[in-house]
Amino acid sequence: MTIRSFVRAILPIAAALALTGNATAQTQVGVDIYGRSGAQSIRIAIPFPTLAQPVAAASVHEPFFSPLTRAIAYSEIFGIVALPPGKAPSPAVAKEAGAQLYLDLAISLSGANYVVEARLIDVGSGSAQLARRYSSSPAALTRIAHTIANDLLVHFTGKPGVFLTQIAFVSTRDTSGQRVKEVYVMDWDGSNQRRITSHKSLSLAPCWSPDGNRIVYTSFGRGSTDMYVVSRDGSSRQRIDSGVALNTSPTYSPDGSRIAFVGSQKGNTDIWVIDADGKNARRLTNDSSIESTPAWSSNGREISFTSSRSGTPQIYVMDAEGTSVRRISFDGEWNDDAVWSPDGELIAYTSGVKGFYQIRIMNVATQKTWIIAGTGSNEQPSWAPDGRSIVFQSNRSGKWQIYRVKPDGTDIVQLTNAGENTAPDWSWRIKQ
Amino acid sequence: MKFRMVVVVLVIAVFGAAGCRSRVKPATAPMPPEAAPAQEVPAPVGDFAGVPEPDESIDMSDIDELNRRAQEEGWVRDAFFEYDQFALSANAREALSVSAGWLRKNPGVGLTVEGHCDERGTSQYNLALGERRAWSARQYLESLGIDSSRLRTMSFGEERPFAEGLNEAAWAKNRRAHLVLYKID
């Protein structure tokens, strides 16, 4: 069995283990320094790239080497093997250290561009499994690192990683105090954070279109609350006139053709849906209670939402036409922010228990739930497109920041620092 | 019915102008269609300072200054709510009755009713809750005869707290329908 076919065979097992909460308890192969399910991971050695003059190590480490190793470690497909210090790295040395693969990297300059050559060597046979050449401006060196990590995952699993996806969020960082919130985007690992709106007002709840080209959000810029669609680089902003008030919690259907949102007529809030071009707004719920926060199931056939019809905010599911409404959340006295995992099997949501807010995850089939415990308030989860992580907002540090965590509660990473940062929405896999 | 409402408002106006402490009896106040049974709840409404006589000295040109004075002098009064509720309490109705009286005497201004929530709970749901609070207050003002064309609503959810602090005193201040005057062109 080749390494590649072995990985494809064990991949579903590894994913299942990651969700049972026992992943950290798995026997780890001694030399793995990152792999959570070490017994299943491929042991790979990644020496620092060979640099051709005049490329300096300092200009490569943070923009390239760190994001590359971070992405490869995140995948859980690979366990990174530490090479012994004091020996020149080579496939033979890596083999001695227990590695199966050796990622040979060389970086040179061609004019103003970096050229990165990557060769993946099987240390058993000495043959190159993958050999690719990447070229970019210095500013896009991180993008090459993320592309290499994606290519390695495609080679072994048939699916790209999340390393070229992005996370939209809301931040107060460019303003004094919290009076203004704008929409920002960042790379999957928190790098490359940049602002894409400038309403100088409240802009809230960004949500990606499935093709990754646009973001829909709510802004208070006109003295009313309106939906806007903007390109991911901040250009081509357009207001969507729904004909009703409120226009909060907008969210694209998985096929990108529709946007579900919260609309209000004379104060009666309901779940509405509108075509993505701003036409044909129609109401899906018709209740005198408060309805909020719609989310599409991954196949687009169902919509979850929050309703106060039972007396407290709870999660309900209906089909996408608004019929067959049923309550699904029963644990916790205040539940909101439901989002479906990409495979449709899990729903993550914000769950208030005795006044504390935690991220709760429900198995849709069994309705069993578990909580990702953390200090402070923890709200507004969003799934990574590979289903292997969740981003959410927490005030555990005293300020609202965005964190990434595995669904079993392990491997928590803080992604933001400047200002207060909330309402993360992880993109789908973005077509390049 | 309409006539009775006018009488109620005039009574408030007269007693207010005389500087008396006064209460609107819930039994005589018109009930909006969605209001829950009146209940006494402590809410920071402030003293009943009364409604001024029509006053030519009120300067409509500086709307920010007018709003500052209107709140300070109690010409318009915010309505406060219980946790996760949008029904108007007796105190909230009283505050809105005073506000309606002033609005009636000053037809040149309109009113934006802002719905606000405390920071507990989730921000998306609170935007919807704020919308309901704003409309509870608006519909009560309409039931007191204020023309709908003068009224606007907007929900801020938990985005614009009036008081900071992780205690009931701060939270109570943040659960409100906040009344903001605007000049009708």
Sort out which residues of the range A:85-122 are within 18 Å of A:HIS146 (Cβ to Cβ) and not polar (S, T, N, Q), and write them in order of number.
A:LEU103, A:LEU105, A:ILE107, A:TYR114, A:VAL115, A:VAL116, A:GLU117, A:ALA118, A:LEU120
Considering only the range B:83-130, state which residues are of a type in the set (Ser, Thr, Tyr) and farther than 30 Å from A:LEU204 by Cα.
B:SER89, B:SER97, B:SER99
State whether the residues of the range A:56-67 include one that is modelled with pLDDT under 60, among the acidic types (Asp, Glu) and under 24 Å from A:ALA145 (Cα atoms).
no
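Okay, residues lined up against (1) more than 21 Å from A:ALA295 (Cα to Cα); (2) modelled with pLDDT under 95:
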{"site": "A:ASN335", "(1), (2)": "no, no"}
{"site": "A:VAL339", "(1), (2)": "no, no"}
{"site": "A:ASP411", "(1), (2)": "yes, yes"}
{"site": "A:PRO424", "(1), (2)": "no, no"}
{"site": "A:TRP428", "(1), (2)": "no, yes"}
Quick one: A:SER224 ticks every box in (1) under 23 Å from A:ASP337 (Cβ atoms); (2) surrounded by fewer than 21 Cβ atoms within 10 Å (Cβ to Cβ); (3) within 13 Å of chain B (Cβ to nearest Cβ) except a single one, so which number is it?
(1)
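Are any residues in the range A:268-282 within 14 Å of another protein chain (Cβ to nearest Cβ) and open to solvent by 10 Å² or more (accessible area, probe 1.4 Å), and if so, which ones? Explain how you work it out, then say what you get.
Going through the range A:268-282, the residues within 14 Å of another protein chain (Cβ to nearest Cβ) turn out to be A:268-272.
Result: A:ASN268, A:TRP272.
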In the range A:354-406, which strands (runs of 3 or more DSSP E) lie fully inside it and hold 3 or more residues that are modelled with pLDDT under 95 and open to solvent by 50 Å² or more (accessible area, probe 1.4 Å)?
none
Taking interchain pairs and intrachain pairs at least six residues apart, which have beta carbon atoms under 6 angstrom, with the first residue in the range A:109-132 and in the same structural domain as A:PRO54 (by TED's automatic domain parsing) and under 16 Å from A:ALA56 (Cα atoms) and the second of a type in the set (Phe, Trp, Tyr) and at pLDDT 90 or above?
A:VAL116/A:TYR134
Could you go through the range A:342-354 and let me know if any residue there is charged (D, E, K, R) and in contact with a Pro (Cβ under 9 Å, 6 or more places away or on another chain).
no
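One line per residue, one yes/no per condition, for (1) part of a loop (DSSP other than H, G, I, E, B); (2) surrounded by 23 or more Cβ atoms within 10 Å (Cβ to Cβ); (3) at pLDDT below 95; (4) in the same structural domain as A:ASP270 (by TED's automatic domain parsing):
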site: A:HIS199; (1), (2), (3), (4): yes, no, yes, yes
site: A:ILE215; (1), (2), (3), (4): no, yes, no, yes
site: A:ARG239; (1), (2), (3), (4): no, no, no, yes
site: A:GLY243; (1), (2), (3), (4): yes, no, no, yes
site: A:ASN247; (1), (2), (3), (4): no, yes, no, yes
site: A:ILE259; (1), (2), (3), (4): no, yes, no, yes
In the range A:249-264, which residue that is farther than 17 Å from A:SER308 by Cβ, within 14 Å of chain B (Cβ to nearest Cβ) and not hydroxyl-bearing (Ser, Thr, Tyr) is nearest to the chain's Cα centre (by Cα)?
A:PRO250
How many residues are open to solvent by less than 30 Å² (accessible area, probe 1.4 Å), at negative phi and not hydrophobic (A, V, I, L, M, F, W, C) when one looks only at the range A:73-121?
5
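The values are calculated or read from the model by the stated rules, or taken from the named source; none is laboratory data. Note that this is a predicted model, so its numbers are computed, not measured. Here the Cβ is made from the backbone with ideal geometry for all residues, glycine too, and neighbour counts use every protein chain on show. For the accessible areas, the whole protein counts, side chains as well, though only heavy atoms, and no ligand, DNA or RNA atoms are used. Shrake-Rupley method; radii C 1.70, N 1.55, O 1.52, S 1.80 Å.
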